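These notes are about the structure you will find just below.
The values are calculated or read from the model by the stated rules, or taken from the named source; none is laboratory data. This structure is a prediction, so every number in the text was calculated from the model and none was measured. Neighbour counts are summed over all protein chains in view; Cβ atoms, including those assigned to glycine, are modelled from backbone coordinates with ideal geometry. Surface areas here come from the heavy atoms of the whole protein model, side chains and all, with no ligands, DNA or RNA. Shrake-Rupley method; radii C 1.70, N 1.55, O 1.52, S 1.80 Å.
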Amino acid sequence: MSNSQKSNGYSSVGGVARARGLLAHDAVTEGAAVGHPGNRDSPKKEFPTLNPFIHNLQLTTLQKAQIAVMTVTVFPIRLVLIGICLLFAWFFACLSLIGRSKEDEMKPMTGWRRSVRPLAVFFSRALFFVAGFHWVSVKGKRATSAEAPILAAAPHSSYMDALPVTYLGLTSVVAKTEAESVPFFGTLTKFTQPVLVSREDSSSRQSTIREIQRRAAARGEWPQIIIFTEGTCTNRSCLINFKPGAFIPGVPVQPVCLKYSNRLDTITWTWKGPKAFNILWLTLCQFHSSLEIEFLPVYVPGEEEKQDVKLFGRNVRAQMARALGVPTTENSFEDGQAMMNAAEN
């Protein structure tokens with residue numbers, strides 16, 4: 001994006017032009033968000049050219065040799081163990097869902113169903129352990145559901161982000177409606193008591209917002225809802241526009257920053273780059289994969305932010321960008337789609 005297309009530190013261009021700009025790797029600038037005391041004195045910072053929707057994975061000769069050896073040794077063993085852990089996690093999730101009516105689904109799990117949760121969480125975490133995520137580094141302190149009903153997580157870069165959901169005790173997620181139909185993983189998704197949304201159905205989005213508001217108003221009765229606020233996967237080089245769902249209820253949110261720090265990035269699964277199976281294969285061929293979860297202080301919106309959802313989201317995003325040391329851009333899920341369409345045309 002040219003300098004003339006920026007305002008207040010945030011880029012603002014049309015969808016088609018932005019898609020073409022992404023293909024050309026336009027530059028971005030981090031600007032201070034406004035309307036919250038913690039952001040008023042934030043300086044601008046220039047960053048190099050970025051495209052959040054492309055992941056170019058370059059392997060050295062040594063890395064290729066390592067992957068070749070581990071493909072015939074470690075990879076099949078890990079794959080079998082992952083299958084076993086998934087089967088056990090699925091079994092306990094199924095057990096807790098037996099006999100639940102539609103009315104039950106509108107209430108948080110209690111009693112014996114809730115007591116099954118630690119077993120499902122254990123085997124879900126074991127799945128990632130055998131995959132190479134031997135430990136998770138944590139900074140900060142997680143707030144309670146009463147203190148922050150919503151966890152705003154970013155950046156979202158892969159289906160491996162199921163690991164932070166697992167670490168958080170398989171807390172509730174916002175997921176696409178089709179997620180529940182995926183074999184095995186769909187049952188685990190349903191086990192989290194998700195808030196479901198369809199990108200194609202505008203009425204579904206309104207129902208999703210109402211459900212988030214209903215749970216947020218329950219003051220700790222429901223598990224926290226973790227929302228990947230970008231709404232799509234990026235390469236973690238910046239934070240794109242946040243979707244409004246986490247901010248419409250106007251309740252305190254806790255920003256959660258996710259950092260994968262392996263020298264070879266086998267995690268990123270975005271619009272243009274390695275395919276889903278390649279991500280799994282390459283990750284299982286690493287000795288260890290690292291994840292750091294940083295809980296930032298709970299963000300309590302002011303009155304102006306409660307009235308202006310976009311302002312609320314921008315201010316939370318600015319706080320997270322500073323913690324991550326990355327810029328923000330005005331790109332969004334729709335820009336990723338447009339970029340791929342532009343590439344095809």
Next on the checklist: Out of the residues in the range 142-161 meeting the condition of being open to solvent by 10 Å² or more (accessible area, probe 1.4 Å) and polar (S, T, N, Q), tell me which one is farthest from residue 295 (Cα to Cα).
Outcome noted: 145
Item to check | All positions within the range 227-256 that are closer than 15 Å to residue 158 by Cβ and outside any loop (DSSP other than H, G, I, E, B) | outcome: 228
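Any residue at all in the range 109-116 that's of a type in the set (Gly, Ala, Ser) and buried (at least 19 other Cβ atoms within 10 Å of the Cβ)? Explain how you work it out, then say what you get.
The initial filter retains those residues of the range 109-116 that are of a type in the set (Gly, Ala, Ser), namely 111, 115.
With buried (at least 19 other Cβ atoms within 10 Å of the Cβ) added as a condition, the list becomes none.
No; the residues of the range 109-116 include none that is of a type in the set (Gly, Ala, Ser) and buried (at least 19 other Cβ atoms within 10 Å of the Cβ).
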Checklist entry - What residue, among those in the range 212-230 that are touching a strand residue (DSSP E or B) at 6+ places or on another chain (Cβ under 9 Å) and more than 22 Å from residue 111 (Cβ to Cβ), is surrounded by the most Cβ atoms within 10 Å (Cβ to Cβ)? => result 229
Item to check | Among residues of the range 89-108, those that are outside any helix (DSSP H, G or I), open to solvent by less than 80 Å² (accessible area, probe 1.4 Å) and more than 13 Å from residue 193 (Cβ to Cβ), counted | outcome: 2
Next on the checklist: Cβ-Cβ under 7 Å, sequence separation 6+ or interchain: first residue in the range 308-337 and at pLDDT 95 or above, partner of a type in the set (S, T, N, Q) and open to solvent by less than 10 Å² (accessible area, probe 1.4 Å). Which pairs?
Outcome noted: 315/39; 317/328; 318/39; 318/328; 321/328
Checklist entry - Out of the range 181-211, which residues are open to solvent by less than 70 Å² (accessible area, probe 1.4 Å), closer than 17 Å to residue 160 by Cα and either part of a loop (DSSP other than H, G, I, E, B) or in contact with a Pro (Cβ under 9 Å, 6 or more places away or on another chain) (or both)? => result 182, 192
Checklist entry - Since residue 314 meets every condition but one in (1) part of a strand (DSSP E or B); (2) charged (D, E, K, R); (3) open to solvent by 40 Å² or more (accessible area, probe 1.4 Å), which condition does it not meet? => result (1)
